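Enquirer: Quick one: this structure, given as structure tokens, is what I'll be asking you about.
The values are calculated or read from the model by the stated rules, or taken from the named source; none is laboratory data. Here the structure is a predicted model, which means the values were calculated and not measured. FYI the Cβ positions are ideal-geometry reconstructions off the backbone, even for glycines, and counts take in every protein chain you see.
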């Protein structure tokens, strides 16, 4: 059991431990900023004067014109759901974004988080337009931080070969969608699919470079 746990989480644990030991909180400035921004959005959107502001800059719905949705998508990563406890979103961001920032670096963490969120957003538009999901879902706000969190978790597990953990994350999202098939569940699966496509592309590039070392530059 210990050997299996060490093989599954050892490389990831060492990367996080060494990153925090070397730089402490300076290793996760993006994560801390994301936590603070999410908490700020939660506070503002619960004020009578702030709800419309947050909706206008960070709430994405499938019924929105695509250019507007794309402009709002980056900030939508940090707008928590009104009907869920915000502390859950803050803990998820702190843990998953923090691990990703240490292990992947800030640019890649942002890229994967955005790709996952965008994948969920575009899937919602496609599924509703094609009639796969009810038309009423077009008025529902996208998932916010959770799609980015799920996507980052899958990518980090793939990057550090934590295959069992990756499978558990994916299976959990599949079960969630089967038990409660709402828009958020489908967007989580779409986010995972988007990240898996990124992983496959990177694996393909790495395989090509190994087969043809002369093109490695």
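Enquirer: Does the stretch 60-69 contain any residue that is touching a residue at least 12 places away in the same chain (Cβ under 8 Å) and under 28 Å from residue 19 (Cβ atoms)?
Expert: no
Enquirer: Identify, from the list 75, 37, 82, 20, the residue that is surrounded by fewer than 18 Cβ atoms within 10 Å (Cβ to Cβ), touching a residue at least 12 places away in the same chain (Cβ under 8 Å) and part of a loop (DSSP other than H, G, I, E, B).
Expert: That would be 82, the only listed residue that is surrounded by fewer than 18 Cβ atoms within 10 Å (Cβ to Cβ), touching a residue at least 12 places away in the same chain (Cβ under 8 Å) and part of a loop (DSSP other than H, G, I, E, B).
Enquirer: So which residues in the stretch 44-64 are part of a helix (DSSP H, G or I) and under 22 Å from the mean Cα position of the chain (by Cα), if there are any at all? So that I can check it myself, show each step before the final result.
Expert: First, the residues of the stretch 44-64 that are part of a helix (DSSP H, G or I): 44-45, 51-58.
Within the stretch 44-64, 45, 54, 55, 56, 57, 58 qualify.
Enquirer: On the basis of being touching a helix residue (DSSP H, G or I) at 6+ places or on another chain (Cβ under 9 Å) and loosely packed, with under 13 Cβ neighbours inside 10 Å, does residue 104 make the cut?
Expert: Criteria not met by residue 104.
Enquirer: May I ask you to verify whether residue 158 is under 16 Å from the mean Cα position of the chain (by Cα), surrounded by fewer than 24 Cβ atoms within 10 Å (Cβ to Cβ), modelled with pLDDT of 90 or more and under 13 Å from residue 123 (Cβ atoms)?
Expert: So residue 158 does not fit the description; no.
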